[in-house]
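The values are calculated or read from the model by the stated rules, or taken from the named source; none is laboratory data. Remember, predicted model here, so these are calculated numbers, not experimental data. When we count neighbours, we look across all protein chains shown, and the Cβ atoms used for this are built from the backbone with ideal geometry, even at glycine. Ligands, DNA and RNA are stripped out before the accessible areas are found, and what is left, the full protein with its side chains, is counted by its heavy atoms. Shrake-Rupley method; radii C 1.70, N 1.55, O 1.52, S 1.80 Å.
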Amino acid sequence: MGGTGGAVEWLVSAAADPQGCRWEWERSPHGVTLLPAGRVWDVLILPGALGSRALDVLTLLPDRPGPVLADSGDARTGFFVPPGTAAGWLGTGVRAAGRGTWIVVPYPGRPAGKVRWLVPPDGTGHLTDPVVLELAMHEAVALLAGGG
């Protein structure tokens, strides 16, 4: 179930009405939709340089990261992690979006303006391991503190 079609199916599976969500999303002039976090995935939202550097660290690892979003200007980076992660996450400056929250999601493979995929979903449901993300964040902090 890989590719853009598989990615769209996986993303809309988080919606209460997946087919209705897909139908509206495909016709949206803005190229984005709101999807609920907490069912299929949670999102950990890191600020600016920390998110960018953490992604740099993750891309050096053998296991690629799960889907990653960035907003305009790269002020925030959102890492898709397993559902339930947000409920137990403690991290200064990191926003955790889980059950009861909504995420603006661009249609995979289409330009959407203020939010874009840095790592698009592949349709398999692969998510970033929160333990690995936390380690990448520690490494990113060390790199940033060292001027890197």
* To do: Return the total of residues in region 106-148 being of a type in the set (V, I, T) and open to solvent by 40 Å² or more (accessible area, probe 1.4 Å).
  => 4
* Of all residues in region 85-134 being aromatic (F, W, Y) and within 15 Å of the chain's Cα centre (by Cα), the one that is modelled with the lowest pLDDT -> Y107
* Identify all residues within region 11-26 that are within 19 Å of the chain's Cα centre (by Cα), of a type in the set (A, V, I, L, M, F, W, C) and farther than 13 Å from P106 by Cα; write none if there are none. => A14, A15
* Kindly check whether there is at least one residue in region 109-131 that is closer than 19 Å to V12 by Cβ and free of Cβ contacts under 8 Å to residues at least 60 places away in the same chain. => yes
* Structure fact -> From the option list L44, L34, single residue qualifying as touching a strand residue (DSSP E or B) at 6+ places or on another chain (Cβ under 6 Å), part of a strand (DSSP E or B), touching a residue at least 12 places away in the same chain (Cβ under 8 Å) and open to solvent by 50 Å² or more (accessible area, probe 1.4 Å) is L34
